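Chemist: A single structure is presented below for examination.
The values are calculated or read from the model by the stated rules, or taken from the named source; none is laboratory data. From a predicted model like this one, the values you see are computed outputs, not experimental measurements. Here the Cβ positions follow ideal geometry from the backbone for every residue, glycine too, while neighbour counts run over all protein chains shown. Protein only, heavy atoms only, side chains kept; ligands, DNA and RNA dropped before computing areas. Shrake-Rupley method; radii C 1.70, N 1.55, O 1.52, S 1.80 Å.
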Amino acid sequence: MLPGETGNKSIYLSGPQKLIITVVSGLLFLAVTMLAVMQEMYIIWLVPPALLLLLLAVSSLDIFFLILVFFVPLSVQLRFIVHEPPADIFLPTELMTFIIMFIMLYRMVDGREYKRSFLKNPVSLLIIIMIAWMAVSSLASSLFLVSVKYLIARIWFVLAFYFLALELFSRPAFLKRVLTAYIMGMAPVVIYNIIRLSSSGLFNQMAAHSSVRPFFNDHTSFGAALAFLIPVIIWFVYTTKPGLKKLLYLLALLLFTAGIIFSYSRAAWISLFIAGGFGLLMLAGIPWRFSIPSFLLVLLVVIFMWPSIIQKMNTIDQTSSGNMSEHLQSVANITSDDSNLERINRWKSALRMTAERPLSGWGPGTYQFRYAPYQYSYDKTSISTNFGTGGNAHSEFLGALVETGVPGAAIFILLVVFAVGAGLQAWDTIRDRERRYLALALLCGLLSYVIHGALNNFLDTDKIASLFWMYIAALVVLGKQVDRQWQ
């Protein structure tokens, strides 16, 4: 090389060189694919779409994010495609969030790429602390590999749907597009569920449990997603000018209302009813400083009168039913409804496990593999399993408690409080009518899951984790954009 030459020419390839590299790469991939297929490792077929997704993510991250949000409700677990897969992930969304994780980690390390101010608000700091404590809990986990996998999944959900969303939502119009993208992806799933229920002729909880597969694992997570979305759809209907778009949003509202009714998810019905009542109080001009303490007072009264309530519940024998009113009445049945009794069984098991490992917990994602020995015979139901293969703790709060200990549960509760506080701050400070009502719609959607989270936990799935973290990010951003023009 001559003095003064930079050597940059070496990175450019001639036409024949490109052809040779393309042919050799194609033959190599074909050979690897054939070997993988012979070994029944069909996961190799994910490599080409993964490379295409990576190219799109690097070239246009905002468009990539919109596509991701659209496909979240349409994603399918690999186990519904491949028998006994090596890793049961949601496709294509978890592949896409995995790509975002690496891009975001690079951008955060390079201070020029990601604004440090996004990391300094209280909600962001609590999320970072939550991840850090989950990492500590994983090191002390009873199942280390399970916890590491769970931790990585939580990290990529948070990086994609909170930290990236926090940046993208600073462009106000983009938030509308993201919410619309999820609604558009969810609509075919709702239609699919109603068609399956009607074709079977069975409109009841048992049929609804599996009719939404393969898109959702069961009817409860499906109902939780609809409860998240309905307040936002109402906002779209209210704020959209008369025309085709308003008509489409109105049809979506009718469709999603039918969807949540036929989800037969009692937790979704109750959580949406309570969150909607809170929203109406806010719209009526009753300050949240009065309504929230009133709600907490009612809660304390319920706790104080709990023995009497239990005695009353013991006289109720209505079990889950296809009849809407009977199905709703079964919420209070803790004597013969297996769904309710099994949930109580899981809660008691979680508390017994916590008493044994209160500080670090059993490790993220481990409850479902460890709770079986902590079931007492008199708590078991006809749907209990001796091997503990029936799922999680059925509570976001108890799940955090048993898996990450008392500190982990406290951090999660603080995170929820500060996230709701961000929504209340946005409601108090925003003067623009359209944006203020959006903050309320997002807050009601988030509250519906906070309430739902007392009875179920779905933050380990892309369907609910995406909405949970995006709603929090949107509320944080809206609260900071008090004086900005809404577009």
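Chemist: Taking 0.36 nm per residue of separation and subtracting the Cα-Cα distance, what length does fully extending Phe102 through Ile191 add?
Modeler: Here the answer is 28.5 nm.
Chemist: Also, I was wondering about something else. Within segment 456-478, name every residue whose backbone N is under 18 Å away from a label modeled 7 Å from Cα of Asp62 along the Cβ vector.
Modeler: It comes to 474, 477-478, nothing else.
Chemist: Take His219, His394, His209 and sort them by solvent-accessible surface of the protein heavy atoms, 1.4 Å probe, largest at the top.
Modeler: From most exposed to least exposed: His209, His394, His219.
Chemist: Here's another thing I want to ask about it. What Kirkwood Rh does segment 421-462 have if only Cα atoms enter the pairwise 1/r average? Answer in Å.
Modeler: 11.4 Å
Chemist: Please turn the phi angles of segment 150-156 into ³J(HN,Hα) values with the Karplus equation 6.51 cos²θ - 1.76 cosθ + 1.60 (θ = phi - 60°), one per residue in order, whole Hz, x for glycine and proline.
Modeler: 5, 4, 4, 4, 5, 5, 6
Chemist: Using C-alpha positions alone, give me the convex hull volume of segment 365-487 per residue in cubic angstrom.
Modeler: Measuring per residue, one finds 115 Å³ for the Cα hull of segment 365-487.
Chemist: Treat each spin label as a single point 7 Å out from the Cα along the C-beta direction, and report the Ile292 to Leu254 distance in nm.
Modeler: 3.8 nm
Chemist: Are any of the pairs Lys149/Lys463; Lys348/Lys463; Lys176/Lys463; Lys149/Lys348 more than 20 Å apart by Cα-Cα distance, and if so, which?
Modeler: Lys348/Lys463; Lys149/Lys348, as the Cα separations exceed 20 Å there.
Chemist: Can you give the accessible area of Leu283, probe radius 1.4 Å, in Å² rounded to 10?
Modeler: Counting only protein heavy atoms, the figure is 100 Å².
Chemist: What nm distance separates the two modelled labels at Ser142 and Ser198, each placed 7 Å from Cα along Cα→Cβ?
Modeler: Label at Ser142, label at Ser198, 4.7 nm between them.
Chemist: Another question about this same structure. So how do Glu356, Glu94 rank on accessible area, 1.4 Å probe, biggest first, that is with the largest at the start?
Modeler: Solvent-accessible surface, decreasing: Glu356, Glu94.
Chemist: Ok, one more. Which value, in Å² and to the nearest 10, is the accessible area of Arg213 when all protein chains are kept and the probe is 1.4 Å?
Modeler: Counting only protein heavy atoms, Arg213 exposes about 80 Å² to solvent.
Chemist: Could you rank Arg352, Arg435 by how accessible they are, 1.4 Å probe, largest area first?
Modeler: Greatest to least solvent exposure: Arg352, Arg435.
Chemist: Apply the Debye scattering formula to segment 182-295, with a single equal point scatterer on each alpha-carbon and no solvent, then give log10 I(q)/I(0) at q = 0.15, 0.18 Å⁻¹.
Modeler: -0.71, -0.91
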